[in-house]
Amino acid sequence: MGDRQLETLTFHNTYARLPEAFYAKLNPTPFSSSPYLVSFNAAAADLIDLDLREAERPEFTALFGGSMLTPAMEPLAMLYSGHQFGVYVPQLGDGRAILLGEATNARGERWDLHLKGAGMTPFSRDGDGRAVLRSTIREYLCSEAMHALGIPTTRALSIIGSDEKVYREQVESGAMLLRMAPSHVRFGTFEIFYYRRQHEHLRVLADYVIDHHYPHLREAPDKYAALFAQVVERTARLIARWQAVGWAHGVMNTDNMSILGLTLDYGPFGFMDDYDAGFICNHSDHNGRYAFNQQPFIGLWNLSCLAQALLPLAEKDALKEGLDGYMPLFEREYRSLMRAKLGLADARDQDEELIRDFLGLLQGSHADYTIVWRELGGFLSGRGMVNDRLREHFLNRERFDAWAVQYAERLRAERSRDDDRQQAMNRVNPKYVLRNYLVQAAIEKAQQKDFAEIDRLLALLQRPYTDQPGMEGYAAPPPNWGKHLSVSCSS
Ligand code: AMP
Ligand code: MG
């Protein structure tokens, strides 16, 4: 546990040292109505050595509710642009988030303290600069759930609520989320300087990212192409992980793509309940641009936007080579994750078919993605064994039987032992994920000022692979009301 107080947090504000064109310096706008603590995440506090008891102080609520600063903070809104749904938007930027500063810990790491919902900035366009309680709860819980699943992501320290009214499709209350990441630089941060033909800024940005986040590339011969290749690799791995766990980002615009390969900007997103390869989690995504099965290709498309933006710094052929690496990297990573989900220790040619057929079975039966994978851990591989409980998830039982024969043979071929395999599978097939209906229930309670469910879900999802007694209900498929909750862009 850390021992730092809010006043003794140390900062090393590297982004604020970049040219002024990179940001706008300004302070958060306090809520018009007094702020209160909604939830606090000890795991994130640890990252900056913050003493956990600090959350009980009114200064904590003031600081992360936008009404107080420490002298070492240098708040600013970052500038960026990006491709939204395929269309270039020349200027976006932090319209409602403010980077308070970069906190350093005893290990010498820097963490951006990014306050979302902190009020208007010069980049707010038509927005009000606020975030609603509903969306901060979604981001807070999901980012921590993703982290516990081993998926690179921004983190979340706290939610501070208020009774300030915020107008979306209906009147809601405003809240601020304190988000943390080693950097919030996006693909779109590069794009803006490219499209504005500010190539010197582009170079400064690339050097900054290399210096602070890819320091092993400082002396690389073709360092900007090498940087790109690393971003390609991280993005491929990231999206493979989303796919394996059955999660989709609802707004994969290039302004929401992290240069560090983190899951960034949780607006509409979703873990699938019933498996559906064409799953669209964003109600406003009418054409399914960001459908689940499109996400790997969108990753490539977004990377090609980044490559374009890097053209003034690197040879076209080198960038193209980096881009060409994406699909093979993605496929290799995805296959290896899916093999682990199947409990396979070796890699064999037939595995691809085994994976594809299993997904086909899930799709045909609208089977629950998380539950079936978890139950597959209990598969009995002995000759002539029946797997009745598992079988019941499938509508086409004969097809399942045929698949089970193949799977059992494959397992026997590598001398897999049922009990060992189950243990290994339970470490990769989560029991608990942030289903939409679970977060919806927590939101509805929070809107009545009961925040206990948020903390309960946070604790649960921080151990997604562990059976937690008394929490069985949280692993259940959605009740009827929670099956097709629509999640829009409004947040
Ligand atoms: P998002 O879709 O949340 O990633 O946001 C896209 C852009 O819209 C970013 O520049 C955001 O800062 C901005 N934005 C979203 N909501 C608001 C808001 N309520 N007020 C100001 N800017 C916003
Ligand atoms: Mg965004």
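Can you give the accessible area of ARG168 in Å² (nearest 10), computed on protein heavy atoms with a 1.4 Å probe?
60 Å²
Rank by packing, highest mean first: peptides 320-330, 393-403, 133-143, with packing defined as the count of other Cβ atoms within 10 Å averaged across residues.
The peptides rank, most packed first, as 133-143, 320-330, 393-403.
Rolling a 1.4 angstrom probe over the protein heavy atoms, how many square angstrom per residue are accessible across the chain?
Computed with neighbouring chains in place, this is 41 Å² per residue.
How far, in nm, would the chain grow between GLU321 and ASP274 when pulled straight, counting 0.36 nm per residue and subtracting the alpha carbon separation?
13.2 nm
With the full set of protein chains in place, find how many percent of the accessible area of region 6-183 is carbon and sulfur; take the probe as 1.4 Å.
54 percent
Taking square-rooted eigenvalues a ≥ b ≥ c of the alpha carbon gyration tensor, is region 4-99 rounded, prolate or oblate, where a/c under 1.5 means rounded and, failing that, a/b exceeding b/c means prolate?
Since a/c reaches 1.5 and a/b is larger than b/c, the shape of region 4-99 is classed as prolate.
Name the shape class, rounded, prolate or oblate, that the alpha-carbon gyration tensor gives for region 6-183, where a ≥ b ≥ c are the square roots of its eigenvalues, rounded holds for a/c under 1.5, and otherwise prolate holds if a/b is larger than b/c and oblate otherwise.
It is rounded, given that a/c, with a ≥ b ≥ c, falls under 1.5.
Given the DSSP H assignment, sum -39500 (n - 2.57) over each helix run of at least 4 residues in the chain and divide by its residue total; what's the result at 222 nm in deg cm²/dmol, nearest 500?
Theoretical 222 nm ellipticity from helices: -12000 deg cm²/dmol.
Mind putting a number on the dipole of the chain about its Cα centre? Charges go on the C-beta only, +1 for Lys and Arg and -1 for Asp and Glu, and I need it in Debye to the nearest 20.
The calculated dipole for the chain is roughly 260 debye.
Rank ASP276, ASP126 by accessible area, highest first, at a 1.4 Å probe radius?
Most to least solvent-accessible, the answer reads ASP126, ASP276.
Roughly what % of DSSP beta bridges within the chain run antiparallel, to the nearest 5?
95 percent
Please work out the C-alpha center-to-center distance from region 1-56 to region 285-311 and express it in whole Å.
32 Å
Once ligands and nucleic acids are excluded and a 1.4 Å probe is used, how much of GLU164 is accessible, expressed in Å² to the nearest 10?
Counting only protein heavy atoms, GLU164 exposes about 30 Å² to solvent.
Please go through the residue pairs LYS116/LYS445; LYS341/LYS445; LYS25/LYS316; LYS116/LYS483; LYS223/LYS320 and name each one whose alpha carbons sit more than 26 Å apart in this structure.
LYS341/LYS445; LYS25/LYS316; LYS116/LYS483
For every other residue with a beta carbon closer than 9 angstrom to the beta carbon of ASN426, add +1 if it is Lys or Arg and -1 if Asp or Glu, then tell me the sum.
Summing Lys and Arg as +1 and Asp and Glu as -1 gives +2.
Assuming R0 = 41 Å, what is the FRET efficiency of ARG348 and THR466, from their Cβ-Cβ distance, to the nearest 0.05?
0.85
Give me the percent relative contact order of the chain, please, defined on Cα pairs under 8 angstrom at least 6 residues apart.
14 percent
Using a ≥ b ≥ c from the Cα gyration tensor of region 270-401 (square roots of the eigenvalues), is it rounded, prolate or oblate, where a/c under 1.5 gives rounded and otherwise the larger of a/b and b/c decides, a/b for prolate?
The shape class here is oblate.
For region 213-281, what % of the accessible area comes from carbon and sulfur atoms, probe 1.4 Å?
Carbon and sulfur together cover 48 percent of it.
Can you give me the distance in nm between label points at GLN91 and ARG335, each placed 7 Å from the Cα along the Cα-to-Cβ direction?
Here the modelled spin labels are 4.8 nm apart.
Using the beta-carbon distance between ALA424 and GLN363 and R0 = 22 Å, what value does 1/(1 + (r/R0)^6) give for FRET efficiency, to the nearest 0.05?
0.30
Determine the sum of side-chain charges near PRO479: Lys and Arg each +1, Asp and Glu each -1, restricted to other residues whose C-beta is under 14 angstrom from that of PRO479.
Cβ neighbours under 14 Å give a net charge of -2.
Could you point to the residue in VAL185, LEU376, THR14 farthest towards the positive end of the chain's charge dipole, with +1 and -1 charges on the Cβ of Lys/Arg and Asp/Glu respectively?
LEU376
Hey, how many Å between the Cα centroid of region 99-141 and the Cα centroid of region 220-274?
19 Å
Could you compute the FRET efficiency for GLN447 and ALA43, with r as their C-beta to C-beta distance and R0 at 30 Å, rounded to 0.05?
Calculated value: 0.75.
How much of the accessible area of region 377-442, probe 1.4 Å, is carbon plus sulfur, in whole percent?
C and S fraction of accessible area: 46 percent.
Name the residue from GLY86, SER491, TYR195 whose Cα lies farthest towards the positive end of the charge dipole of the chain, charges +1 on Cβ of Lys and Arg and -1 on Cβ of Asp and Glu.
GLY86
Fully extended, how many nm does the chain gain between ARG389 and GLN406 (0.36 nm per residue separation, minus their Cα-Cα distance)?
Length difference between fully extended and current span is 4.3 nm.
Where nothing but the Cβ of Lys and Arg (+1) and of Asp and Glu (-1) is charged, how large is the charge dipole of region 188-336 around its Cα centre, in debye to the nearest 20?
In debye, rounded to 20, region 188-336 gives about 160.
The values are calculated or read from the model by the stated rules, or taken from the named source; none is laboratory data. Owing to the predicted nature of the structure, the values given are computational and were not obtained by experimental measurement. A quick note on method: Cβ atoms are made from the backbone with ideal geometry, for glycine too, and the neighbour counts reach across all protein chains shown. Side chains are part of the model used for accessible areas, which takes the heavy atoms of the whole protein and leaves out ligands, DNA and RNA. Shrake-Rupley method; radii C 1.70, N 1.55, O 1.52, S 1.80 Å.
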